[in-house]
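What follows is a single structure, written as structure tokens, with notes after it.
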Amino acid sequence: MRRVVFEFMRKRATISAEVVIIGGGLAGLSAAIYLGRAKRDALLIDEGKSMARWEPDVQNYLGFPAGISGEKLLRAGREQARRYGIRFGRDRIRSGKASRGEFKLRGDRSIYHCRKLLLATGIFHLPPEIPHVSACLGHSIFFCKDCDGYRVQGKSVAIYGWNNEAVEYALAMLCYSGSIAVVTDGRAPKWDRRHEQWLREYKIPVHREAIIDACHQKRHLQHLVFKGGSRLIVDALFTTRGDIYLNELAKALGAKLDDEGQIIVDVDMRTSRPGLYAAGCVTPANCQMIVAAGQGATAAQTINRDLFDENLANHSLRRCREGQVGRSTRAKRHDSRNLTRR
């Protein structure tokens, strides 16, 4: 009990940085690399929960023709960012506020101060509510048709969902496979009449029974078991159950969100709150790793430019010219002595 009280009462360390990045996924790491190369004092705070770590085989990231695991991609990104002097902190940020041109963040371990703040907090994909599916995530159960449709060509595919998006997923998957079905897992369909007509036009079956099990071998789906005992043979399942946008800090800081909960940004990744930026899947961008990395780079360049403009305006531009000026002065003296000797 005494130890618990001591831990609670212990004063958190205060850490300052020019820029704080929250989120260690592809967007955050890309931003960190750019900021490090711009010689900015940047700190990346991460909980280690990037969605990229779920991906055992990323096949559409530029430069990896044989594919690469999400974990390896993250590891390489962290190593690259450290090369440019980026600091890393493992913490969960609980709250934040903006005051007098800076941000104050409170985490479980420390308190942080910064001039600019980048939110690369991402999203959480809601997995299907089916027993035994967790082992198959990223192997035969997927969230994104754009990322993983290509890998299920010619296979039996089920789409998990009960709204218009589920129907559109099923229709889009027809270019990869002739065996497509929709499973609603006991929910009443909520798609509109137009989408119902498309299902009939393209002869896509809909299974409305509750799913009680997902049978697989070595993480590869074999079939779904419905309540009552019937089965549906499937090689892959795509879920459209929805996403949770990790936007609590953005809301606390007063940034505007859209109706889905995504942080609204301009083309330069600025939010509606001055000094606050967002990048990656927590914004309305298409949630792709390579898109997130591009947005992180854009955000970092914007942050660097905004800091540069502010430093010019208040006559505090960073300089490392002392050595250069000293060398120039010595060179002029040397040339003057040579001229005198002549």
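Overview of values
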{"read-out": "Positive-pole candidate from Ala188, Ala158, Pro131, dipole of the chain, charges at beta carbon", "value": "Pro131"}
{"read-out": "Mean Cα-pair separation over length for the stretch 134-239, i.e. relative contact order, pairs under 8 Å, 6 or more apart, %", "value": "34 percent"}
{"read-out": "Separation of the Cys215 and Arg109 label points, Cα + 7 Å toward Cβ, nm", "value": "4.6 nm"}
{"read-out": "Estimated dipole of the chain in Debye, rounded to 20 [Cβ of Lys and Arg +1, of Asp and Glu -1, Cα centre]", "value": "2480 debye"}
{"read-out": "Dipole of the chain, positive direction: furthest Cα of Gly23, His223, Phe103, with charges on the beta-carbon", "value": "Phe103"}
{"read-out": "Where chymotrypsin sites (Phe, Trp or Tyr not before Pro) fall in DSSP loop in the stretch 33-137, at most 16 other Cβ within 10 Å", "value": "Tyr84"}
{"read-out": "For the stretch 224-239, Karplus couplings with θ = phi - 60° (6.51, -1.76, 1.60), whole Hz, Gly/Pro x", "value": "9, 10, 9, 4, x, x, 5, 10, 10, 6, 9, 9, 8, 10, 10, 9"}
{"read-out": "Unsatisfied cross-links (Cα-Cα over 27 Å) in the set Lys116/Lys145; Lys39/Lys145; Lys145/Lys190; Lys49/Lys256", "value": "Lys116/Lys145; Lys39/Lys145"}
{"read-out": "Extension gain (nm, one decimal) between Lys49 and Glu129, 0.36 nm per residue minus Cα-Cα", "value": "26.7 nm"}
{"read-out": "Lys, Arg +1 and Asp, Glu -1 on Cβ, resulting dipole of the stretch 109-182 about Cα centre, debye, nearest 20", "value": "460 debye"}
{"read-out": "Gain upon complete extension [Ser95, Glu310; 0.36 nm per residue less C-alpha separation]", "value": "74.8 nm"}
{"read-out": "Ordering of 310-317, 286-293 by packing [mean C-beta count within 10 Å, highest first]", "value": "286-293, 310-317"}
{"read-out": "Net charge dipole size for the stretch 134-239 [Lys, Arg +1 and Asp, Glu -1 on Cβ; Debye, nearest 20]", "value": "180 debye"}
{"read-out": "Among (1) 1.12; (2) 1.24; (3) 1.07, the entry that matches Rg/Rh (Cα atoms, Kirkwood Rh) as calculated here", "value": "(1)"}
{"read-out": "Low-density loop positions, trypsin sites (Lys or Arg not before Pro), the stretch 160-196 - DSSP coil, at most 16 other Cβ in 10 Å", "value": "Arg187, Lys190"}
{"read-out": "Helical segments meeting 18 Å axial Cα length and Kyte-Doolittle 0.0 threshold in the chain (DSSP H)", "value": "289-313"}
{"read-out": "Virtual paramagnetic centre 7 Å along Cα→Cβ of Arg37, amide N under 16 Å, in the stretch 282-309", "value": "293-305"}
{"read-out": "Length gained when the stretch Gln59-Arg83 is fully extended (0.36 nm per residue, less Cα-Cα span)", "value": "6.0 nm"}
{"read-out": "Estimated vicinal HN-Hα couplings, Hz - the stretch 179-188 in sequence order (Karplus 6.51, -1.76, 1.60; Gly, Pro = x)", "value": "10, 10, 9, 10, 10, 9, 6, x, 7, 6"}
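Every number in this text was worked out from the coordinates using simple rules, so none of it is lab data. What you see is a predicted model, and the numbers here were worked out from it, not measured in a lab. Cβ sites come from the backbone with ideal geometry, for glycine too, and all protein chains shown count toward neighbours.
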